[in-house]
1. Please state which of the following conditions R51 fails to meet, knowing it meets all the rest: (1) modelled with pLDDT of 90 or more; (2) out of contact with any helix residue (DSSP H, G or I) (no Cβ under 6 Å at 6 or more places or on another chain); (3) assigned to a strand (DSSP E or B).
2. Considering every residue within segment 103-123, establish whether at least one is surrounded by 13 or more Cβ atoms within 10 Å (Cβ to Cβ), at pLDDT 90 or above and not hydrophobic (A, V, I, L, M, F, W, C).
3. Looking at segment 24-40 only, could you name the residues that are crowded, with 16+ Cβ neighbours inside 10 Å and either more than 15 Å from Q135 (Cβ to Cβ) or at pLDDT below 95 (or both)?
4. Anything in segment 49-65 that is among the polar types (S, T, N, Q) and buried (at least 16 other Cβ atoms within 10 Å of the Cβ)? List them, or say none.
5. Of all the strands (runs of 3 or more DSSP E) wholly in segment 105-144, which have at least 3 residues that are in contact with a Lys or Arg (Cβ under 8 Å, 6 or more places away or on another chain)?
6. Which residues, taken from segment 62-94, are at pLDDT below 80 and either charged (D, E, K, R) or not in a strand (DSSP E or B) (or both)?
Amino acid sequence: MIARLLAVLLATASASQAGDKIWSAVILASDAKRGERPKPPPPELAPFAARLAKVFTYEQFEILGSATKELDGQKERWLVPTQNFWFGATARRQGTGYHLNLEFFHDRRRIVETEAMLGPLSPLFIRGPMHERGQIIVVFEIRP
């Protein structure tokens, strides 16, 4: 049993590409106030702001919090901008991208567990709960 666990840990640790990082962000999507122009997206969102607008039908996007972690095959925990919400992620190299096992926690209780593929230049968008000012969206992206 211990030998099998050690083999899995070693295989996972070597599965990441040296230097690859995962960027995660919690975004608030909203529409501009009546009579006002939408605010431009932050530079981190500019490359895929048009795609966010098309998919989620909102005009402006604000980053509430973000984190960048080097992919080393270990389980990572990212703080979502409140002290009560956390993401857990394990990334395994698969072809040119990564197979992610994602967990979303509220305090210590797991709310969602899912799997997804994440490739270079192909961010993952997850629709979160509604907020009093708009829609919460979580973004994951591989960065060099």
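The values are calculated or read from the model by the stated rules, or taken from the named source; none is laboratory data. Model, not experiment: these values are computed from the prediction. Neighbour counts are summed over all protein chains in view; Cβ atoms, including those assigned to glycine, are modelled from backbone coordinates with ideal geometry.
1. Here R51 meets the rest and fails (3).
2. Yes, segment 103-123 has at least one match.
3. Answer for segment 24-40, where residues must be crowded, with 16+ Cβ neighbours inside 10 Å and either more than 15 Å from Q135 (Cβ to Cβ) or at pLDDT below 95 (or both): S24, A25, V26, I27, L28.
4. Q60
5. 134-143
6. Of everything in segment 62-94, those that are at pLDDT below 80 and either charged (D, E, K, R) or not in a strand (DSSP E or B) (or both) turn out to be L71, D72, G73, Q74, K75, E76, R77, V80, P81, T82, Q83, N84.
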